[in-house]
Structures are given as C-alpha cells and as structure tokens.
Ligand SMILES: N[C@@H](CCC(=O)N[C@@H](CS)C(=O)NCC(=O)O)C(=O)O
C-alpha cells in the first residue's frame, strides 16, 4: 500500500517530509492540506491529527504526525538510504540536531516565515517589527551554534547527509523570501548550497509549486 503524505507544500514543515521521501526514493501519494480552505480543521483531518496541523503520514492504518518523526519513519523504511546512520553515536547526533531543530531553530525560522511569507501569501497584514526583532535575536543566538558545527563536518551530524540535514535544511527552503539573516554564516551558506544540490531537494521543490 502506498504511503500517504498530507502536506501544505508551501510550508517548510510540509516540504521537509516531501524532501525526505524524494531523497529516499519512496513512492507516496500526495494529499494536499489546503490551508486556504482550512482543510486542517475538518473533522476528517482532525481524526488524523488532533492538533489540526500538517504534515501527517498514513501507512495503511498507521498514522503519524510531527514532521521529524515522519522523517525518521521514512528513513527507517530505507535503512540503506543512509539518513539514519547505523552507528549509534552518529545516529543519536543526528537525532539531537532534529530535537534542536524542533525546540529552537524551527520557532526562530517560523517568525520570519510568518511575518515575511505567510502574511503576504494570505494577505493578512504587514510584518510586525517587534516580532522580527525577536526573530533576529533568536537567529543571532542559534545560527552560530549550527555554523560552528558545519565548520567541522560537511553535514550537521556527519560528512554524509542524515535526517538532521533533511530537518534543518527544509526550514531554509524559503529562507531568501523569508529574509532570514544568515548572510554572515559562511558554513551555513556552504551547507545550504550542498543540501539544495541533493536530488531529493530538487524533486521536492518541484512538488511545492501550487
Ligand atoms: N511540530 C510540528 C509543527 C506542525 C505545524 O505547526 N504545522 C503548521 C504549518 S507549518 C500547521 O499545520 N498549521 C495549521 C494551522 O495553524 O492552522 C511538526 O513539525 O510537524
């Protein structure tokens, strides 16, 4: 049975699971969660995810939400894809970066995405300068942490891509448009270009087109 991925593909969190699936060459059925129609609030979608948020994965009668859990699930389906390293310490380093992404990095990026991209997309007002200031402080605190790591290893957890790069990389799919201030972080810039050159990235970007 084909896996279903429920996504609003313009969202980096939706993009994240598409990126994982394409990078791992996993066939999936694309199910659009149309935010413009509040599809995430319907009874049917709420039965899948009581948080009323995408992405959601369905594999037969198994249902999974939280984008990083979905990335791990997909990676586990294709152990030879290498995204979940066999070595325990490398694997847990990758998982550590996914937790960091979820707890710290994603909320910082989300400020820029909401203020500079989502508000324009849904025509819901101008960016809020106070919010962007909070985003700036968060990025200034967090980006050096990632940048320093990427000065030591080619990818976040190792010299080959792992689930950590899928999760962290996906957050930056619209970094330019979101105006995330990352210009001074040269290792992040180099890594982002490496991530964008991965075949799964290109294929997932093609799926983002409305
Ligand atoms: N921690 C969750 C966050 C999911 C999330 O917040 N999704 C947002 C879009 S980026 C959503 O579905 N929002 C719907 C809404 O706010 O109504 C994950 O990584 O999957």
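The values are calculated or read from the model by the stated rules, or taken from the named source; none is laboratory data. Not measured: the values here are computed from a predicted model. Here the Cβ positions follow ideal geometry from the backbone for every residue, glycine too, while neighbour counts run over all protein chains shown.
Please go through segment 24-54 and give me each residue that is more than 8 Å from the ligand (Cβ to nearest atom) and in a loop (DSSP other than H, G, I, E, B), ordered by number.
24, 25, 26, 27, 34, 42, 49, 50
Which pairs have Cβ atoms under 6 Å, sit 6 or more apart or on different chains, and link a residue in segment 59-75 that is closer than 11 Å to residue 5 by Cα to one that is in a strand (DSSP E or B)?
From residues that are closer than 11 Å to residue 5 by Cα, the pairs are 59/3; 64/57; 65/56; 70/57; 70/64.
Does residue 15 qualify as being touching a residue at least 40 places away in the same chain (Cβ under 8 Å) and in a helix (DSSP H, G or I)?
For residue 15, the condition - touching a residue at least 40 places away in the same chain (Cβ under 8 Å) and in a helix (DSSP H, G or I) - is met.
What number of residues within segment 4-23 satisfy the criterion of being more than 15 Å from the ligand (Cβ to nearest atom) and either at pLDDT below 95 or surrounded by 20 or more Cβ atoms within 10 Å (Cβ to Cβ) (or both)?
Looking only at that region, the number is 2.
I need the full set of residues from segment 172-198 which are within 16 Å of residue 14 (Cβ to Cβ) and surrounded by 24 or more Cβ atoms within 10 Å (Cβ to Cβ), in order please.
Passing the criteria: only 173.
The conditions are (1) touching a residue at least 40 places away in the same chain (Cβ under 8 Å); (2) touching a helix residue (DSSP H, G or I) at 6+ places or on another chain (Cβ under 6 Å); (3) part of a loop (DSSP other than H, G, I, E, B), and residue 154 fails exactly one of them. Which is it?
In the conditions (1) touching a residue at least 40 places away in the same chain (Cβ under 8 Å); (2) touching a helix residue (DSSP H, G or I) at 6+ places or on another chain (Cβ under 6 Å); (3) part of a loop (DSSP other than H, G, I, E, B), residue 154 misses (2) alone.
Which one of 106, 34, 87 is within 25 Å of residue 203 (Cβ to Cβ) and surrounded by fewer than 14 Cβ atoms within 10 Å (Cβ to Cβ)?
34
Any residue that is within 16 Å of the ligand (Cβ to nearest atom), under 18 Å from residue 208 (Cβ atoms) and surrounded by 21 or more Cβ atoms within 10 Å (Cβ to Cβ) - is there at least one of those in segment 58-70?
Yes, because at least one residue in segment 58-70 is within 16 Å of the ligand (Cβ to nearest atom), under 18 Å from residue 208 (Cβ atoms) and surrounded by 21 or more Cβ atoms within 10 Å (Cβ to Cβ).
Which residue out of 57, 74 is touching a helix residue (DSSP H, G or I) at 6+ places or on another chain (Cβ under 6 Å) and not in a helix (DSSP H, G or I)?
Answer to the selection: 57.
Which one of these does residue 1 not meet: (1) within 14 Å of the ligand (Cβ to nearest atom); (2) more than 19 Å from the chain's Cα centre (by Cα); (3) in a loop (DSSP other than H, G, I, E, B)?
(1)
State whether the residues of segment 83-91 include one that is touching a strand residue (DSSP E or B) at 6+ places or on another chain (Cβ under 9 Å) and within 14 Å of residue 17 (Cα to Cα).
no
Take the conditions surrounded by fewer than 22 Cβ atoms within 10 Å (Cβ to Cβ) and either within 15 Å of the ligand (Cβ to nearest atom) or part of a helix (DSSP H, G or I) (or both) and apply them to residue 99. Does it pass?
So residue 99 fits the description; yes.
Would you check if residue 115 is surrounded by 15 or more Cβ atoms within 10 Å (Cβ to Cβ), farther than 23 Å from residue 17 by Cβ and within 16 Å of the ligand (Cβ to nearest atom)?
yes
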